[in-house]
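To start, the structure itself, in structure tokens.
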Amino acid sequence: MKKALIGILIVVVCIMGFDAYKNIETRNSFDLKQLAADGERFFWTDNSEHNRYDIKFDSLNGDDIKEVISKKDAYNMKIDSNITSGDFNLKIYNDNKVLFKRSGSVSKTITINKNDSKNIKIEIDGKKAKGNIKINLS
């Protein structure tokens with residue numbers, strides 16, 4: 001009985017270790033670089049880092065542009081935004097084309113393929129916009 005419990009414990013620890021490694025590897029595959037931030041931003045909280053674009057705001061009158069730096073050729077972007085008031089626009093693009101463009105609240109996962117994955121930019125702009133946006137890269 002003791003050996004079985006020890007065996008189960010070892011398996012659980014190995015699974016947890018692999019899952020932690022996978023999360024670290026995903027996080028380390030991305031970086032976000034601030035390119036521009038213009039306009040008025042009140043009660044602005046930017047918790048973006050590595051594979052997570054995460055911004056909350058009480059009033060956005062202007063824009064914010066970040067570049068995605070990825071070690072991956074292709075990846076997914078899980079977009080969740082909740083805009084409670086004002087006008088809000090999200091645009092994801094590269095040097096050649098707009099890959100995704102939407103106004104207001106969004107809940108969608110998009111795939112960035114190998115041909116489009118270079119020089120990806122995330123641009124948000126708002127006019128008296130209040131809300132939050134999260135984009136998880138994987």
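The values are calculated or read from the model by the stated rules, or taken from the named source; none is laboratory data. Bear in mind that the values here come from a model prediction, so they are computed numbers and not experimental data. All Cβ positions, glycine included, derive from the backbone under ideal geometry; neighbour counts span all protein chains shown. Note: areas computed on protein heavy atoms with side chains; ligands, DNA, RNA excluded. Shrake-Rupley method; radii C 1.70, N 1.55, O 1.52, S 1.80 Å.
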Residue count, the stretch 119-138 (criterion: out of contact with any Ser or Thr (no Cβ under 6 Å at 6 or more places or on another chain) and closer than 19 Å to residue 36 by Cβ): 11
Long-range neighbours under 8 Å by Cβ, at least six apart or interchain, first residue in contact (Cβ under 8 Å) with a residue 40 or more places away in the chain and among the aromatic types (Phe, Trp, Tyr) within the stretch 68-79, second open to solvent by less than 70 Å² (accessible area, probe 1.4 Å) and assigned to a strand (DSSP E or B): 75/30; 75/112; 75/137
Some residue of the stretch 14-32 being out of contact with any Cys (no Cβ under 7 Å at 6 or more places or on another chain), open to solvent by 90 Å² or more (accessible area, probe 1.4 Å) and modelled with pLDDT of 85 or more: no
Pair list, Cβ < 8 Å and 6+ apart or interchain, from the stretch 98-109 residues that are open to solvent by 90 Å² or more (accessible area, probe 1.4 Å) to residues that are among the charged types (D, E, K, R): 101/91; 102/108; 107/80
Residues located in the stretch 118-135, provided they are crowded, with 17+ Cβ neighbours inside 10 Å and within 21 Å of residue 71 (Cα to Cα): 120, 121, 122, 123, 135
Some residue of the stretch 52-62 being within 20 Å of residue 111 (Cα to Cα) and open to solvent by 30 Å² or more (accessible area, probe 1.4 Å): yes
Where residue 94 falls short, out of the listed (1) touching a Lys or Arg at 6+ places or on another chain (Cβ under 7 Å); (2) open to solvent by 50 Å² or more (accessible area, probe 1.4 Å): (2)
Pair list, Cβ < 7 Å and 6+ apart or interchain, from the stretch 124-138 residues that are farther than 16 Å from residue 45 by Cα to residues that are of a type in the set (S, T, N, Q) and buried (at least 19 other Cβ atoms within 10 Å of the Cβ): 136/51; 137/51; 138/51
